[in-house]
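Data block below; observations after.
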Amino acid sequence: MMERIAHYRELAAQFRQWAESETVPEARDGLLDMARQYERLAIELQASAATAKDEARVQPKPGSPELDGDDDRASCP
């Protein structure tokens, strides 16, 4: 996933570069919009990856007392 995030950021940079040299305002705005969309996509993927990583870290490992029901804490009120 990190490769996709980097790729989307590279595309965003490319669209910004094209926009810098564009003389037609509507075309420049369109290129900047594409850059924003790719950057937003990269940010959303990065946040999704971080959330998935956090969830994986919190999940009990197979065979752990939390999954086996052998945890004494499970009987505490």
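The values are calculated or read from the model by the stated rules, or taken from the named source; none is laboratory data. Not measured: the values here are computed from a predicted model. In this analysis, Cβ positions are derived from the backbone assuming ideal geometry, glycine residues included, and neighbour counts consider all displayed protein chains.
Step by step: first the residues of region 1-38, then only those that are in contact with a Lys or Arg (Cβ under 8 Å, 6 or more places away or on another chain) and part of a helix (DSSP H, G or I), then the one that is nearest to Ala52 (Cα to Cα). Which residue is that? Show your work before the answer.
Going residue by residue through region 1-38, those that are in contact with a Lys or Arg (Cβ under 8 Å, 6 or more places away or on another chain) are 12, 19, 22, 31-32, 35, 38.
Keeping just the survivors that are part of a helix (DSSP H, G or I) gives 12, 19, 31-32, 35, 38.
Working: Ala12: 24, Ala19: 35, Leu31: 32, Leu32: 30, Ala35: 26, Tyr38: 21 Å.
In this case the residue turns out to be Tyr38.
A search for C-beta distances below 6 Å between a residue of region 14-34 that is modelled with pLDDT under 95 and any residue that is of a type in the set (Lys, Arg), counting only pairs 6+ apart in sequence or on different chains, returns nothing.
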